[in-house]
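S.K.: Quick one: structure below, then a few questions.
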Amino acid sequence: MSDTSPLDWLSGALRQWDARHLRRKLRVRNGPQQPTIVFGGKTLAHFGANDYLNLANDSRIVQAVQTAMTRHGWGSGASPLISGHTEQHAEVAEAVARFEQCDAALLFSSGFAANAGTIPALVGRDDAIFADQKNHASLIDGCRLSGAPISVYRHGDAEHLELLLQRSNCNGKRLIVTDSLFSMDGDFAPLQQIAQLRERFNCMLLIDEAHATGVFGASGRGVAERMGVESSIDIKIGTLSKALGGCGGFVCGQQSLIDWLINRARSYVFSTSPPAAGIAATATALEIVRQEPQRRKLLLERATALRDALRALGFKTGETESQIIPLRIGPADRVMEITQQLLEAGFFVPAIRPPSVPEQECLLRISLTYGHNETTIARLIDTLGRFTTAHGA
């Protein structure tokens, strides 16, 4: 019997990742999601979560889940088209549709599953996709799975998108795909210009509002609401796991879209339904978003103040206008060094490295939440200011 294994190559590959400061390792979090986090018994100010409205551990959310557990138990036991679609799933889907002011909504096990299933259900090899260069990995994978030719336009560049549309000789369906709020850069897609191109070139328009739902717009529906282009969005995808503090993803739009996805989105058809109790908190979260607009208002006010302070210190934060604030550092070894120093100073600010960003474009990503008070934010600014002196911004 051979002493070698077909997987022996992994050890050398992992050593190469170690040498490039790119290897990730799982951390064990102790306790619930909070504005603080406990790693290895050490409590840190937590600037790494997508819990933007500080709902993940809200007592009302916890109570909603406990009530649903009593009513539905835990496991769904089957795919939604077999027997996994409960009254709770139906109620939450209706609540999402009402919130989004759409005909209907469909729940997925995750936002990734929503993107990976929806795009291939809408287009194929005889169609064409036009995608932003910095779209989330789930959008990229959904586009690739579709088999449709993909034209990638420069990030946020509507003029480049227009040029690609003009040059396209596709006689099939055309689909424009973009995040509304980009998770690494914290900036917005130019949805007003894209909406005009959608009309002019007779395209379908799909946007992912994962990081914007609950945070932007007068009612918290996202960037499309903020920019006044909701009527031009054909397919809106979102997540229940960020500002809404739960788990799962959703797609919303006209009834025919949802009817089609029920039959054609493989990540929906062939996945066991998420537990009813797992998505039960969504209706409560949406009601909190409706009744407590001060959460997103205060969050965005503090985000503006933090961005201004960091820019004054000389940090390169790009075009961010949101609660996601990137600090562009450069090499992976340097960003890891600063992350470690922040940990020692009592802050968890994650380092973002390839493949999430290109080589030499590593960054620290600050995710601000409603739960961060002014004192904690001031301490972060002061600590980063000392790093600026030591390292340069």
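S.K.: Tell me, which residue of the range 4-21 that is assigned to a loop (DSSP other than H, G, I, E, B) and under 30 Å from the mean Cα position of the chain (by Cα) is surrounded by the most Cβ atoms within 10 Å (Cβ to Cβ)?
M.R.: That would be His21.
S.K.: Follow-up question, since we're still on this one. When you scan the range 338-353, do you find a residue that is surrounded by fewer than 14 Cβ atoms within 10 Å (Cβ to Cβ) and either in contact with a Ser or Thr (Cβ under 6 Å, 6 or more places away or on another chain) or of a type in the set (A, V, I, L, M, F, W, C) (or both), even just one?
M.R.: Taking every residue of the range 338-353 in turn, none turns out to be surrounded by fewer than 14 Cβ atoms within 10 Å (Cβ to Cβ) and either in contact with a Ser or Thr (Cβ under 6 Å, 6 or more places away or on another chain) or of a type in the set (A, V, I, L, M, F, W, C) (or both).
Quick grid of which residues meet (1) more than 30 Å from Gly217 (Cβ to Cβ); (2) assigned to a helix (DSSP H, G or I):
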position: Arg295; (1), (2): no, yes
position: Leu310; (1), (2): no, yes
position: Phe315; (1), (2): no, no
position: Glu321; (1), (2): no, no
position: Ile329; (1), (2): yes, no
position: Val335; (1), (2): yes, yes
position: Gln340; (1), (2): yes, yes
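S.K.: State which residue is surrounded by the fewest Cβ atoms within 10 Å (Cβ to Cβ) when the search covers only the range 101-129 and only residues that are farther than 24 Å from Gly84 by Cα and touching a Lys or Arg at 6+ places or on another chain (Cβ under 6 Å).
M.R.: Top of the filtered list is Asp127.
S.K.: Suppose we filter Leu161, Leu181 for residues that are over 18 Å from the mean Cα position of the chain (by Cα) and at pLDDT 95 or above; which single one remains?
M.R.: One residue alone meets the criteria, Leu161.
S.K.: Across the range 22-72, what is the number of residues that are assigned to a loop (DSSP other than H, G, I, E, B), at pLDDT 90 or above and touching a strand residue (DSSP E or B) at 6+ places or on another chain (Cβ under 9 Å)? Step through it out loud before you land on a result.
M.R.: Narrowing the range 22-72 to residues assigned to a loop (DSSP other than H, G, I, E, B): 22-28, 31-35, 40-41, 47-58.
From what's left, at pLDDT 90 or above: 35, 47-58.
Right, trim to touching a strand residue (DSSP E or B) at 6+ places or on another chain (Cβ under 9 Å) and you get 35, 47-52.
Summing the residues that are assigned to a loop (DSSP other than H, G, I, E, B), at pLDDT 90 or above and touching a strand residue (DSSP E or B) at 6+ places or on another chain (Cβ under 9 Å) in the range 22-72 gives 7.
S.K.: Is one or more of the residues making up the range 181-200 closer than 24 Å to Gly318 by Cα and among the basic types (Lys, Arg)?
M.R.: Among the residues of the range 181-200, not one is closer than 24 Å to Gly318 by Cα and among the basic types (Lys, Arg), which makes the answer no.
S.K.: Here's something else I'd like to know. Does at least one position in the range 239-252 carry a residue that is free of Cβ contacts under 8 Å to residues at least 12 places away in the same chain and not in a strand (DSSP E or B)?
M.R.: Taking every residue of the range 239-252 in turn, none turns out to be free of Cβ contacts under 8 Å to residues at least 12 places away in the same chain and not in a strand (DSSP E or B).
S.K.: Here's something else I'd like to know. Only residues in the range 309-329 that are small (Gly, Ala, Ser) count as the first member; pair them with residues that are crowded, with 21+ Cβ neighbours inside 10 Å and in a helix (DSSP H, G or I), Cβ under 7 angstrom, at least 6 apart or cross-chain, and list the lot.
M.R.: Once the first residue is small (Gly, Ala, Ser) and sits in the range 309-329, its partners that are crowded, with 21+ Cβ neighbours inside 10 Å and in a helix (DSSP H, G or I) give Ser322/Ala303.
S.K.: Further, regarding this structure: State all residues of the range 159-183 that are closer than 22 Å to Ser138 by Cα and surrounded by fewer than 19 Cβ atoms within 10 Å (Cβ to Cβ); if no residue qualifies, say none.
M.R.: Lys173, the sole residue that qualifies.
S.K.: Can you name the residue in the range 264-283 that is polar (S, T, N, Q) and crowded, with 22+ Cβ neighbours inside 10 Å and is also nearest to Thr376 (Cα to Cα) among such residues?
M.R.: Step one: of the range 264-283, the residues polar (S, T, N, Q) are 267, 271-273, 282.
Still in the running and crowded, with 22+ Cβ neighbours inside 10 Å: 267, 273, 282.
Details: Ser267: 41, Ser273: 39, Thr282: 29 Å.
Only one residue tops the list, namely Thr282.
S.K.: Going through Leu286, Leu257, Leu299, Leu261 one at a time, which residue ends up being in a helix (DSSP H, G or I), assigned by TED's automatic domain parsing to the domain that holds Val349 and buried (at least 21 other Cβ atoms within 10 Å of the Cβ)? Write out each step before concluding.
M.R.: On the way: Leu286 fails: assigned by TED's automatic domain parsing to the domain that holds Val349; Leu257 fails: assigned by TED's automatic domain parsing to the domain that holds Val349; Leu261 fails: assigned by TED's automatic domain parsing to the domain that holds Val349.
Checking each option against the conditions leaves just Leu299.
S.K.: Which of the residues spanning the range 207-225 are touching a residue at least 12 places away in the same chain (Cβ under 8 Å), outside any loop (DSSP other than H, G, I, E, B) and over 12 Å from the mean Cα position of the chain (by Cα)?
M.R.: Within the range 207-225, Val223, Ala224 meet the criteria.
S.K.: Determine whether the range 186-209 contains at least one residue that is crowded, with 24+ Cβ neighbours inside 10 Å, farther than 25 Å from Gly124 by Cα and of a type outside the set (D, E, K, R).
M.R.: Yes, some residue in the range 186-209 is crowded, with 24+ Cβ neighbours inside 10 Å, farther than 25 Å from Gly124 by Cα and of a type outside the set (D, E, K, R).
S.K.: Quick one: would you say Thr369 is outside the structural domain of Gly48 (by TED's automatic domain parsing), of a type in the set (Ser, Thr, Tyr) and either in a helix (DSSP H, G or I) or within 21 Å of the chain's Cα centre (by Cα) (or both)?
M.R.: no
S.K.: List the number of the failed condition for Ser146; all other conditions in (1) polar (S, T, N, Q); (2) surrounded by fewer than 18 Cβ atoms within 10 Å (Cβ to Cβ); (3) farther than 30 Å from Glu301 by Cβ hold.
M.R.: The one condition Ser146 does not meet is (2).
S.K.: Continuing with this model, one more query. Name the pairs whose Cβ atoms lie under 7 Å apart, with the first residue in the range 36-56 and farther than 24 Å from Leu363 by Cα and among the β-branched types (Val, Ile, Thr), the second surrounded by fewer than 18 Cβ atoms within 10 Å (Cβ to Cβ) and at pLDDT below 95, and 6 or more positions between them or separate chains?
M.R.: none
The values are calculated or read from the model by the stated rules, or taken from the named source; none is laboratory data. Remember, predicted model here, so these are calculated numbers, not experimental data. All Cβ positions, glycine included, derive from the backbone under ideal geometry; neighbour counts span all protein chains shown.
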